[in-house]
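As structure tokens, the structure follows; a few thoughts come after it.
The values are calculated or read from the model by the stated rules, or taken from the named source; none is laboratory data. Predicted model only: the values in this text are computed from it and were never measured. Glycine gets a Cβ as well: all are built from the backbone with ideal geometry, and neighbour counts include every protein chain shown. For the accessible areas, the whole protein counts, side chains as well, though only heavy atoms, and no ligand, DNA or RNA atoms are used. Shrake-Rupley method; radii C 1.70, N 1.55, O 1.52, S 1.80 Å.
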Amino acid sequence: MPHEASPTGLASPRLKVALLAVVLLAFDGALLATAPRPTTALFDSHWPAVAVVVALAFAVSERLVFHIEARNEAVSFSPSDLPLALGLLVLSPVTFVCARLVGAAAGMILWRRPPLFKFAFNLSVFTAESLIAVVIFRSVGAGSEVTLATWALLTLAMMVGLVTTGALIAVAISFFEGDVVSRVRKELTHSYIFYLPGAILASSTIVPFLIEPWLGLVFLLPAPLVWLILRSHGALLHRYSDLTDIHEFSRQVGRSTQLEEIADTAVRQIADHLRAGTVALTVWDIDGTALQSCYGNRESLEVLPAGSTDPEWAEALGADGPVMIDDGDPEGPLHRRLVAHGLSQAIIVPLGDHTGLLGALLVADRHGAVEAFTTDDRDRLRPITNQLVVALRKGQLHLQIQHEATHDRLTRLPNRAYFEAWAQQMLELEPDCDHALLMIDLDRFKEVNDTLGHHGGDLLLLQVTDRLLESVADGDMAARFGGDEFAIFVPGAGEAEASVLAEVVSTAIERPFQLGEATVAVAASIGVAIAPHHGSSCEALLRRADLAMYDAKRRHERSTVYRDDLEGRDSARLTMLADLREALATASLEVHFQPKIDLRTREIAGVEALARWNH
């Protein structure tokens, strides 16, 4: 039966991002209208093509952007600080904003190709960042001479613009994953690690460049090294985050031994770690039934394989680890199956170990800083799913132990303990309704065991189980108590329905059984007790159905419904047996010998010993 973890929808968040982009454009327009009026650059540029250089630099920055993603956190960084500082100083506000937008748009189209809503949002954010930096830099009082104040104001303007951009992106991501306050707070804590060094380095390079170009080159030399350090630091944070994710995933899925809870926890955790909008999981039981769990797109459940032999999944299930399925394989049957359910790209993971396959995992609909799954995502899934396999095997083992504790090992029917607990629950849920309990004992079963051995007896019990299950309806409970004794509980059934069922069961059991080359015939004696007339507890019903069953066996009848006189008869019989045991223990029986005479010879040929009990 499929389970569903609570997902975060995608259509509504994307609409919110688009609306935020519209609001930002309105803000940008208002900011441009109230910005300082000078339309010339603060510092004359002796290079007429400087606007083209700034635009190209912003475009290249989009190619060099890198992302740090950790669970619900995503921070993007690019070397755009240098063209940002250069444009603020040597371009007019309008020219600077235009160069920024043209360069960023060209870079996103060439290398990133984001969806339309994200493309519009990024352009509105870049516009806001540029205008905020322009307003601060020009309004605070930057002069036309290069001073220490120029460096400080430039650094401040860039920092405010960059932090504002990061906060706006954090708000947009929160539309997908929630917790806007926490995200903005974390974005601000990241600012001094990545934004501040970048702003200081950029202003320290561009400001000396305005004094003497060779000074700018001197300060520019460390820039690649600083950028590599920042990027390496980001990569270390990413790897540390991956290790933390694996540990957290293992802890979460290991908290339960119930397969349903493990599956639901796993799909939520994987969606969280890989920033996936859709995660679907199927686990196959020994008998072929499938447990399914889903986060996000419910249609993804229809993509999952029906079993380990599903032909469309054959290649993926035979792979040694996660497999990327995307537009690069448009002719593949599994890719066509994904597209038919609105999933153009996904990661498929066969779940198994040395004992064989136990299920499959589907991860799709990536969102966040990167719109498509990468090989890094695929590699991150391998250790996570290894932990998942261990947890699922543990859940299956627990389920098997639990099943064996409550079910008969031979017939797989519920045992007496499970039957009594379930029947008592039914009685308590509807105490005023009729409920029927049937006790069934096979006649001549001992003869089958003595003749064909215990293996033949087991084959007979298995066939009897099949016929019992064919006779009962959905919602009824059939159980084996041990030996050749079975029980059936029928919720909501009165005496008439129970008698009909007893007749059906008797007729089914009396049909000949084929045990190998031998054909055998047995019969059944059935006792019936009805709640609440014959008892309000399962214990009382079992005892009285048992009395009725022995009465049917004595009378050689198919079935007997419990009667009050059966209670007294059985009590008297039990009392007599107790007294006889006491007489044997106290030597109260009298023994008399009676001779046996041979009439032809008139001699004693023997004696008879008679035991007499005065009771």
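Shape class of segment 398-452 from the alpha-carbon gyration tensor: oblate, with a/c at 1.5 or above and b/c at least as large as a/b. The accessible area of Glu608, taken with all protein chains in place and a 1.4 Å probe, comes to roughly 80 Å². Note on Val94 and Gln258: with the Förster distance fixed at 60 Å, the Cβ-Cβ geometry gives a FRET efficiency of about 0.40. Where the alpha-carbon atoms of segment 452-512 are placed on the principal axes, they occupy 39, 21, 17 Å, in descending order. Using R0 = 60 Å, the C-beta based FRET efficiency linking Ile109 and Asn386 works out to 0.95. Model label sites at Ala540 and Leu397, defined 7 Å from Cα along the beta-carbon direction, differ in position by 4.5 nm.
Here the spin labels are modelled as points 7 Å beyond Cα on the Cα-Cβ line, and at Arg602 and Asp432 they lie 8.6 nm apart. Shape verdict for segment 482-582, please, from the Cα gyration tensor: rounded (a/c under 1.5), prolate (a/b greater than b/c) or oblate. Verdict is oblate for segment 482-582.
Note on segment 368-508: along the principal axes its Cα atoms extend 71, 46, 23 Å, ordered by decreasing extent. Each of the peptides 132-139, 536-543, 12-19 was scored by the mean count of other Cβ atoms within 10 Å over its residues; in descending order, highest first, they stand as 132-139, 536-543, 12-19. Candidates Ala518, Val528, Val500 compared by Cα position along the dipole of segment 463-530: farthest toward the positive end lies Ala518, with charges placed on Cβ.
Given the Cα-Cα distance of Gln594 and Glu495 and 0.36 nm per residue of separation, how much length would full extension add, in nm?
Value of the extension gain: 30.3 nm.
Label-to-label distance for Asp285 and Ala405 is 1.8 nm, based on points extended 7 Å past Cα in the beta-carbon direction. Maximal additional length on extending the His615-Thr519 stretch stands at 29.7 nm, based on 0.36 nm per residue less the C-alpha distance.
Can you run the Rg to Rh ratio on segment 358-399? Use alpha carbon positions and the Kirkwood inverse-distance Rh. Value, to two decimals: 1.11. In the full protein context, segment 422-565 carries 47 Å² of accessible surface per residue, based on a 1.4 Å probe and ignoring ligands, DNA and RNA. Listed by chain and number, the lysines whose alpha-carbon sits under 23 Å from that of Lys16, ignoring those within fewer than 8 places in the same chain, are Lys118, Lys186.
Take the Cβ atoms of Asp466 and His354, set R0 to 35 Å, and the FRET efficiency comes out at 0.50. All Cα-Cα distances of segment 249-406, cut into 5 Å bins from zero to the largest, leave 2, 9, 20, 24, 21, 13, 6, 3, 1, 0, 0 percent in each bin in turn.
Based on Cα atoms of segment 250-296, Rg over Rh with Rh as the Kirkwood radius reads 1.00.
Here the extension length gained between Ala314 and Leu577 equals 87.8 nm, from 0.36 nm per residue of separation less the Cα-Cα distance.
Run the reach check for Lys553 against lysines, Cα to Cα strictly under 21 Å, same-chain hits fewer than 8 apart removed. What comes back? The qualifying lysines are Lys446. The P(r) of segment 505-551 has a tail past 18 Å containing 47 percent of all C-alpha pairs.
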